[in-house]
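Asker: Got a structure here, written out as structure tokens. Questions coming.
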Protein chains: 2
Amino acid sequence: MPNGAQALMKTLVDAGIEVCFSNPGTSEMHFVAALDGEPKMRAVLALFEGVATGAADGYARMADKPAATLLHLGCGLGNGLANLHNARKGKSPIVNIVGDHATYHVKYDAQLQSDIETVACNVSPNFVRTSTSTESLCRDAADAITAARGLPGQVATLILPANVSWGEGGQPCVVPPQAEAPIADSTAIDAVAEAIRSSRKTALLLGGRALREPGLLAAARIAAHSGVVVFAETFPTRIERGAGLPAVERIAYLAELASLQLSEFDNLILVDAKAPVSFFAYPGKQSYLVPDGCTVHTLSTPEQDAAASLNGLADALGAGSTPPVLQPAGRPGRPKGKLTAEKVCRAVGELMPENSIVVDESITSGLLLNAMTAGAPRHDMITLTGGAIGQGLPSAVGAAVACPDRPVLALIGDGTAMYTNQALWTMARENLNVTSIIFNNASYSVLNIELERVGAEEAGEKAKSQLDLSGPVTNYALLAQSMGVHGIRVKTSEELLKALEYALDTPGPHLIEAVVPESLNGVKRKVLPWLLKTLPNIPRPLSKALKKKIAP
Amino acid sequence: MPNGAQALMKTLVDAGIEVCFSNPGTSEMHFVAALDGEPKMRAVLALFEGVATGAADGYARMADKPAATLLHLGCGLGNGLANLHNARKGKSPIVNIVGDHATYHVKYDAQLQSDIETVACNVSPNFVRTSTSTESLCRDAADAITAARGLPGQVATLILPANVSWGEGGQPCVVPPQAEAPIADSTAIDAVAEAIRSSRKTALLLGGRALREPGLLAAARIAAHSGVVVFAETFPTRIERGAGLPAVERIAYLAELASLQLSEFDNLILVDAKAPVSFFAYPGKQSYLVPDGCTVHTLSTPEQDAAASLNGLADALGAGSTPPVLQPAGRPGRPKGKLTAEKVCRAVGELMPENSIVVDESITSGLLLNAMTAGAPRHDMITLTGGAIGQGLPSAVGAAVACPDRPVLALIGDGTAMYTNQALWTMARENLNVTSIIFNNASYSVLNIELERVGAEEAGEKAKSQLDLSGPVTNYALLAQSMGVHGIRVKTSEELLKALEYALDTPGPHLIEAVVPESLNGVKRKVLPWLLKTLPNIPRPLSKALKKKIAP
């Protein structure tokens, strides 16, 4: 009869969970020992829990199924919390296993004792369970797996006391297959179809699973047939894009710009998405970005099959056979001369191979990334769903584990790269095909904008030093080398192109540190007009509002 | 009239809070802007929240007063949680300021929305408050400061919504002076005195504030007079030690060894300490380490003045004028040849200057640190109070900020160093006098022992790879250099001595990566007999139990 950990391991692999991103401690040693008995389980060691949880998120986004994590008590969970938050917001499925003291040890309040359930409920609002006996462990695990991989995906936290793990009499459990997600009900489809027919000023807002090819194609058919405008949510969990797929404009991060994008619509149709709100509050500005007088409809919820619902809508509108408009192939051309963030994005658009996975946590440096890669070969893009920075490098680890044959390009701001830099070690340990590009502008650049957007105008030198990452300027190439990753610092476009070509041709992890000026340097309070002038994929349907805004 | 943030800043500095360890985001921009108006507030930027919270802990331990933190919403708090846990367990005072969305923005469930209070209550069980208006903010802050710096010290969490911060009409508040801690009541003192008189087999267990000079001297007088044995808790928040102070044996981490230490006592007297329990549970082993038949008495609680209570006890016993036994000066001699962890500890004992602050997170590599530094010049030692690794480097930052004229020596295991390696950047930014020594044995060495202690005997290669940090071996010298810290890798005693002498002579931060074999390599299941043979400061009163144990 297996012990609890061994039975749990069997339950996991029988349910198709094949990867565990781990950072174990003493209380997880039986789970670790059980790894050897299960050849189907791959254990990927992280040197910080935020790497393990972010990797599980990235893995789930690309594998469309959960990985397990293995964290050490409440403090390990704390270290992993930010990236579990991102996973929660992105509806990524994760079976989040947190080791705990033996049940009888809890009352002694030993050094590492803390209230794990309370911390966990923040990221696992629907499933936190402490398994209290070896006998029931696998049923608890089965429930966690079922919860995690249902629609919408979620972080299900299973707390695993050490004695439940080491106890004899574990009973592996079969996890029932995942239920098929239902299509939106016909009342909702008919109501949305009616709204579209009644007005030309309708926008479809796609989120979550709607941003994969089937959903995008259905939405594009509807757009071509009925003249609606299709938007994607600001921070997609995963969006399929590039040449041959419909191009979709994303709602802007900047509330002022998002309001402009939405300003002319009478109807906003949500498809696995929520109505846009401002990322932060700003004095005197709206938090809710849907314009007054615009009616919000829901076609399908995250519990439903977005693509099937969109196809249902297309059929209801008679758009089922309308050909969708697809993005033509096109590369932006090789950049030249002294590097800027824009030129880095251009180089990526120029060189990225077919089937790349682009992890975008480039913040201000990536302003032109979408434009520069719009016509690149077909790829997936993963973004920062929950706003907790430090997601990009770990997410790249997970994506590369999920898709070993696809190149992963992680585009990361220098500030964000530091939070979970330990991901580089795991890339080296697992020899992952990840090329990380760090935009080193030596600044929390976005905060220089935000400082003024929130009206903190009295900011002086001392305040600004809190946003300044020069003195010392981190050397990310050295940082990568210290963890066994090939790292190089580049300052010109030519150096970058050479380094990127080499990285894409040479298996294993690479890091390219691109030394760039701040994208928004000197822009500050004029950020909106600047953006409107600069962004080449200017919101198509907004020309009037836009013209008025940038005319002076 | 100041805005909320400005009034808060004044309230903090007027209460003597002069340092803020920060990692801000958009919702904290007004607090950041208010820094310029308060020359008395020093802001120390961290590139990861765990660095900020660990630094606040280290600062509090050495400054004996709280610093403020500045964290960005629930995810920033999550990133800082592990080191706040360590602070909670060490009873360190911290005014933990967590920015939040504007109160009216919460309902929109924007990307970074999470339940901050729920996460915070884990580390701030007695004080979590969301300030709901600019008018009441400074009263809330005053309550937080009062809560933090009372006895026992604690982490008081003040959640600061952005609009409370930017609102006009802030009213700075005067914080009442800290109440004096009471002495143990005479009934407790008399009962303990009676217990000591009635038996020669009594141990005093000192924790918390009792481990400073006044408490140690009083305890040593009692020991010299009454023959009691004095122990220190396993992981002191701060212990004063070295030549000229009483030497105190610490209760061992290893439960088996701790049980031996305590095995012969009839009475255990707690002074600002709790009765020893095992760090983890192990199958078939006791969690509670006080032997059957030993009576536990409490002289003073963490709410009381430990030194005054010990002096009261000394007087009650007639020991007030008994001269205490003090540690004679003595250095262990310079190590020679190929480096081992023991030789690193020897070099530290040989070279550490008077008034050093030793931050010990060396785990297995530091087994002989206490022995090797026992007769070194007087110094303070800070340890890992809550078991959440990644505390050492941040704590060293805080200690160095609190005591700019004292050399800080941070002795850190390689596994633990990775969790919060971003602390190195802050050391460089602030030009702190910290010499970090990383014991690079390329292993989570302690887990190799724990794997067998918990009885996970079936562990094979795959399991062991989860404890193995080779492949790649991190280069900590390069890692330090990447963040602007002078870093060097050494492999011999001679190289180490030279590097350490240079570092101690040269202001600013240094990192010495000591490449060492695992201290316990090959020891495994025989760890207890091995320790008993090896530890030169073998528990003095245990000779009989010890002899029996190691005789075969």
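Asker: Taking into account only those residues within region B:25-80 that are more than 9 Å from chain A (Cβ to nearest Cβ) and of a type in the set (S, T, Y), which is surrounded by the most Cβ atoms within 10 Å (Cβ to Cβ)?
Answerer: B:T53
Asker: Given the conditions (1) among the charged types (D, E, K, R); (2) assigned to a helix (DSSP H, G or I); (3) farther than 28 Å from A:Y502 by Cα; (4) in contact (Cβ under 8 Å) with a residue 60 or more places away in the chain, report the number of the one that A:E303 does not fulfil.
Answerer: Just one mismatch for A:E303, condition (2).
Asker: Condition test on A:G74, is it under 19 Å from the mean Cα position of the chain (by Cα) and either part of a helix (DSSP H, G or I) or over 20 Å from A:T130 (Cα atoms) (or both)?
Answerer: Judged against the criteria, A:G74 is not a match.
Asker: Step by step: first the residues of region B:231-254, then only those that are surrounded by fewer than 21 Cβ atoms within 10 Å (Cβ to Cβ) and away from chain A (no Cβ under 14 Å), then the one that is nearest to B:K89 (Cα to Cα). Which residue is that?
Answerer: Among residues in region B:231-254 that are surrounded by fewer than 21 Cβ atoms within 10 Å (Cβ to Cβ) and away from chain A (no Cβ under 14 Å), the one nearest to B:K89 (Cα to Cα) is B:E240.
Yes/no matrix, rows are residues, columns are (1) within 14 Å of chain A (Cβ to nearest Cβ); (2) touching a strand residue (DSSP E or B) at 6+ places or on another chain (Cβ under 6 Å):
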| position | (1), (2) |
| --- | --- |
| B:G398 | no, no |
| B:N421 | yes, no |
| B:W425 | yes, no |
| B:N440 | yes, yes |
| B:K464 | yes, no |
| B:L469 | yes, yes |
| B:S482 | yes, no |
| B:L496 | no, yes |
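Asker: Say we look at region A:274-313 and pick out the residues that are β-branched (V, I, T) and open to solvent by less than 30 Å² (accessible area, probe 1.4 Å); which of these is nearest to the other protein chains (Cβ to nearest Cβ)?
Answerer: In this case the residue turns out to be A:V277.
Asker: What's the number of the only condition in (1) within 14 Å of another protein chain (Cβ to nearest Cβ); (2) modelled with pLDDT under 95 that B:L368 fails to meet?
Answerer: Checking B:L368 against (1) within 14 Å of another protein chain (Cβ to nearest Cβ); (2) modelled with pLDDT under 95, the one that fails is (1).
Asker: If you go through region B:355-365 one residue at a time, how many are open to solvent by 10 Å² or more (accessible area, probe 1.4 Å) and either at pLDDT 95 or above or within 21 Å of B:V397 (Cα to Cα) (or both)?
Answerer: Looking only at that region, the number is 3.
Asker: Only one of (1) open to solvent by less than 10 Å² (accessible area, probe 1.4 Å); (2) in contact with a strand residue (DSSP E or B) (Cβ under 6 Å, 6 or more places away or on another chain); (3) away from chain A (no Cβ under 13 Å); (4) assigned to a helix (DSSP H, G or I) fails for B:L158. Which number is that?
Answerer: Of the numbered conditions (1) open to solvent by less than 10 Å² (accessible area, probe 1.4 Å); (2) in contact with a strand residue (DSSP E or B) (Cβ under 6 Å, 6 or more places away or on another chain); (3) away from chain A (no Cβ under 13 Å); (4) assigned to a helix (DSSP H, G or I), the odd one out for B:L158 is (4).
Asker: Against the conditions (1) more than 20 Å from B:Q481 (Cα to Cα); (2) of a type outside the set (K, R); (3) facing chain A (nearest Cβ under 9 Å); (4) open to solvent by 10 Å² or more (accessible area, probe 1.4 Å), where does B:E450 fall short? Just the number, please.
Answerer: Of everything listed in (1) more than 20 Å from B:Q481 (Cα to Cα); (2) of a type outside the set (K, R); (3) facing chain A (nearest Cβ under 9 Å); (4) open to solvent by 10 Å² or more (accessible area, probe 1.4 Å), B:E450 misses just condition (4).
Every residue, every condition in (1) over 30 Å from A:Y288 (Cβ atoms); (2) in contact with a His (Cβ under 9 Å, 6 or more places away or on another chain); (3) at pLDDT 95 or above, yes or no:
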| site | (1), (2), (3) |
| --- | --- |
| B:D36 | yes, no, no |
| B:F48 | yes, no, yes |
| B:G58 | yes, no, yes |
| B:A63 | yes, no, yes |
| B:K89 | yes, no, yes |
| B:D100 | no, no, yes |
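Asker: Inspect region B:468-486 for any residue being more than 30 Å from A:A33 (Cα to Cα), open to solvent by less than 10 Å² (accessible area, probe 1.4 Å) and free of Cβ contacts under 8 Å to residues at least 24 places away in the same chain and give the result as yes or no.
Answerer: yes
Asker: Identify, from the list B:S287, B:S259, B:S278, B:S309, the residue that is in contact with a strand residue (DSSP E or B) (Cβ under 6 Å, 6 or more places away or on another chain) and under 22 Å from B:T383 (Cβ atoms).
Answerer: Result: B:S287 is the single residue among B:S287, B:S259, B:S278, B:S309 that is in contact with a strand residue (DSSP E or B) (Cβ under 6 Å, 6 or more places away or on another chain) and under 22 Å from B:T383 (Cβ atoms).
Asker: One residue is enough: does region B:123-142 have a residue meeting the conditions part of a loop (DSSP other than H, G, I, E, B) and under 21 Å from A:E49 (Cα atoms)?
Answerer: yes
Asker: OK, next. Does A:L393 meet the test of being on the phi < 0 side of the Ramachandran plot, out of contact with any Leu (no Cβ under 8 Å at 6 or more places or on another chain) and touching a residue at least 12 places away in the same chain (Cβ under 8 Å)?
Answerer: no
The values are calculated or read from the model by the stated rules, or taken from the named source; none is laboratory data. Predicted model only: the values in this text are computed from it and were never measured. Cβ coordinates were reconstructed from backbone atoms using ideal geometry, including for glycine residues, and neighbour counts include every protein chain displayed. Just the protein is used for accessible areas: all its heavy atoms, side chains included, with ligands, DNA and RNA removed. Shrake-Rupley method; radii C 1.70, N 1.55, O 1.52, S 1.80 Å.
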